[in-house]
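Read the structure below first, then the notes.
The values are calculated or read from the model by the stated rules, or taken from the named source; none is laboratory data. Model, not experiment: these values are computed from the prediction. Here the Cβ positions follow ideal geometry from the backbone for every residue, glycine too, while neighbour counts run over all protein chains shown.
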Amino acid sequence: MRVVVVGGGVAGLVAARRLALRGAAVTLLERRERPGGRVARGQVAGTVVDTGAESFAVRGGTVRGLLTDLGLEADLVDPAGSAWVALGNRTVPLPAGGVLGIPASPLADDVRRVVDWPGALRAYADRLVPVLRVGRYDRLGPLVRGRMGQRVLERLVAPVVESVYGVDPDEVEVDAIAPQLNAAITATGSLSAAVLRLRSAAPAGSAVQGVRGGVARLVDALLDDLERFGVAVRTGQEVLGVHPEPHGPGFTVVTPGEDLETDAVVVAADGAAAFDLLRDAAPTVAELPRPRPAVSRSVVLAVDDARLDAAPRGSGVLRAPSFTGVRATALTHVTAKWAWVGAELPAGRHLLRLAYRGPDEVDPAAVRADASALTGLDLPEPTDRLDTVWVDSAPPLAPETRAIRAALDAAALPPRLAVTGSWRTGTGLASVVAGAEAAALALEPDLP
Ligand SMILES: Cc1cc2nc3c(=O)[nH]c(=O)nc-3n(C[C@H](O)[C@H](O)[C@H](O)COP(=O)(O)OP(=O)(O)OC[C@H]3O[C@@H](n4cnc5c(N)ncnc54)[C@H](O)[C@@H]3O)c2cc1C
């Protein structure tokens with residue numbers, strides 16, 4: 001069976017590998033010159049670092065299993081240290097053991113250090129006041145505010161949700177960001193007990209891992225496998241259309257250079273491109289309102305300052321809304337978090353990665369001031385800097401993306417057409433890899 005995979009991000013690469021392993025004749029078409037999508041690398045201070053994804057969630061074991069199959073098991077590494085949160089008047093470690101920043105034990109010392117006694121006592125009321133109506137809260141912000149109070153929302157949940165997912169807790173649906181939370185609340189009778197239940201179900205150890213040399217090695221290893229399995233990887237090839245044959249099975253895949261006839265297609269392009277490509281195969285989906293793209297900028301600075309050797313902010317800092325005067329939403333202390341990066345640089349040299357919302361340039365003085373404020377040190381002029389702008393054309397948590405996803409689930413797609421990628425299966429490599437494997441599996445009954 002001939003299969004064309006559209007898009008060479010991790011979703012497309014994983015689907016192509018799985019299908020080739022099962023004997024399909026696979027062609028992968030990637031718009032850019034380099035596959036990998038939002039898993040990419042760049043150079044700063046003479047060192048190669050991840051500029052997109054830098055870790056993966058260990059839940060489910062899917063990514064770890066893939067990396068093991070690809071021969072990278074010996075290079076899997078745990079991050080060092082944990083994150084801090086910058087509040088209006090102080091910067092403190094984020095409590096351990098929560099879900100989306102929601103604490104399981106509101107009176108614990110590490111929670112009190114962030115929300116103080118009044119905030120902790122207010123949060124503890126969650127244990128005392130019964131949950132009145134099942135499914136009462138559909139947005140995360142009102143749920144947390146109602147059960148645990150404003151301080152927990154502002155100082156713990158907002159920093160995590162805004163920096164990790166780029167969304168406002170007041171706007172995001174509980175079922176979208178934490179699909180098991182509502183059921184756990186109903187089962188346990190409170191929000192904190194629900195968090196405890198979800199945490200107990202999670203495996204012990206680090207929630208995320210990285211790869212020595214960078215997560216971008218996943219892309220190299222996938223490409224090596226694709227070459228070994230005879231997959232034709234064509235870069236610089238933008239797919240313009242995917243047209244199901246009007247009579248009988250098969251598709252025509254249109255590129256600027258040629259039209260490809262194929263038996264099956266996996267659309268693994270990111271959101272907006274996928275919606276365009278589904279115009280023929282799923283017209284109702286393609287016509288739905290588009291989500292607003294989420295644009296972000298990451299800035300990696302190289303700084304020579306031995307005071308950073310002590311990792312004064314652990315693996316990095318998330319900014320609470322009350323920490324004003326700084327535009328960056330988070331700072332990762334790359335050389336502290338990933339020992340392999342630290343080992344590549346001379347003593348006293350550090351890499352700090354700052355995250356910004358929107359594509360706007362950030363002038364050097366402002367970035368340095370943000371890094372200083374978030375680390376609590378008056379940092380010297382950086383010796384190098386690397387900027388990357390990222391566009392997520394269909395943020396998975398946006399209501400419009402969710403509506404398109406639901407319509408796609410309900411649509412009768414032509415047989416032998418699979419659609420995958422983070423907009424469909426959820427942000428993050430754990431969801432993307434599992435979703436791509438499932439998409440390939442869905443085509444497998446047709447394989448020889
Ligand atoms: C700054 C940043 C940090 C992140 N950090 C993490 C992290 O630490 N851990 C984690 O798990 N996740 C992280 N993520 C998320 C993770 O990177 C993504 O969820 C994942 O890489 C998405 O993979 P994908 O294949 O679905 O999409 P993409 O990587 O976007 O790939 C889609 C591909 O399709 C191609 N394409 C689009 N249209 C066409 C067309 N018409 N024809 C041909 N090709 C086309 C694109 O060029 C692209 O290569 C991060 C993302 C960013 C931006």
(request) Answer yes if at least one residue in the range 334-355 is in contact (Cβ under 8 Å) with a residue 40 or more places away in the chain, closer than 25 Å to Glu400 by Cα and not basic (Lys, Arg), and no otherwise. (result) yes
(request) Among what's in the range 85-101 and is among the small types (Gly, Ala, Ser) and assigned to a loop (DSSP other than H, G, I, E, B), pick the residue that is farthest from Gly213 (Cα to Cα). (result) Gly88
(request) Please enumerate the residues belonging to the range 81-109 that are in contact with a Lys or Arg (Cβ under 6 Å, 6 or more places away or on another chain), small (Gly, Ala, Ser) and surrounded by fewer than 19 Cβ atoms within 10 Å (Cβ to Cβ). (result) Gly97
(message) I'd like the full set of residues that are in a helix (DSSP H, G or I) and in contact (Cβ under 8 Å) with a residue 40 or more places away in the chain, limited to the range 41-84.
(response) Arg59, Gly60, Thr62, Val63, Arg64, Leu66, Leu67, Asp75
(request) For residues that are more than 14 Å from the ligand (Cβ to nearest atom) and under 16 Å from Gly213 (Cβ atoms), scanning just the range 46-67, find the one that is farthest from the chain's Cα centre (by Cα). (result) Gly46
(message) On the basis of being within 16 Å of the ligand (Cβ to nearest atom) and in the same structural domain as Thr235 (by TED's automatic domain parsing), does Leu100 make the cut?
(response) no
(message) I need the helices (runs of 4 or more DSSP H) fully contained in the range 255-367, keeping only those with at least 2 residues that are closer than 30 Å to Glu245 by Cα.
(response) 271-277, 283-286
(request) Pull up the range 1-40, narrow it to residues that are within 12 Å of the ligand (Cβ to nearest atom) and among the basic types (Lys, Arg), then point me to the one that is nearest to Phe251 (Cα to Cα). (result) Arg31
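Let's see how each residue does on (1) in contact with a strand residue (DSSP E or B) (Cβ under 8 Å, 6 or more places away or on another chain); (2) over 21 Å from Glu171 (Cβ atoms):
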position	(1), (2)
Arg290	no, no
Val295	yes, no
Leu301	yes, yes
Ala311	yes, yes
Pro321	no, no
Val334	yes, yes
Trp338	yes, yes
(request) Using the structure shown, decide if Arg59 is closer than 22 Å to Thr427 by Cβ and at pLDDT below 95. (result) yes
(message) Here are the criteria: (1) within 19 Å of Leu288 (Cβ to Cβ); (2) at pLDDT below 95; (3) within 22 Å of the chain's Cα centre (by Cα). Tell me which single one Gly358 does not satisfy.
(response) (1)
(message) Looking at the structure I just gave you, is Val267 within 21 Å of Ala412 (Cα to Cα) and either exposed (fewer than 15 other Cβ atoms within 10 Å of the Cβ) or away from the ligand (no atom under 14 Å from the Cβ) (or both)?
(response) no
(request) Check the range 387-398 and report whether any residue there is among the polar types (S, T, N, Q), more than 13 Å from the ligand (Cβ to nearest atom) and out of contact with any helix residue (DSSP H, G or I) (no Cβ under 9 Å at 6 or more places or on another chain). (result) no
(request) Can you work out which of the residues in the range 228-261 that are of a type in the set (Val, Ile, Thr) and away from the ligand (no atom under 14 Å from the Cβ) is farthest from Gly9 (Cα to Cα)? (result) Thr252
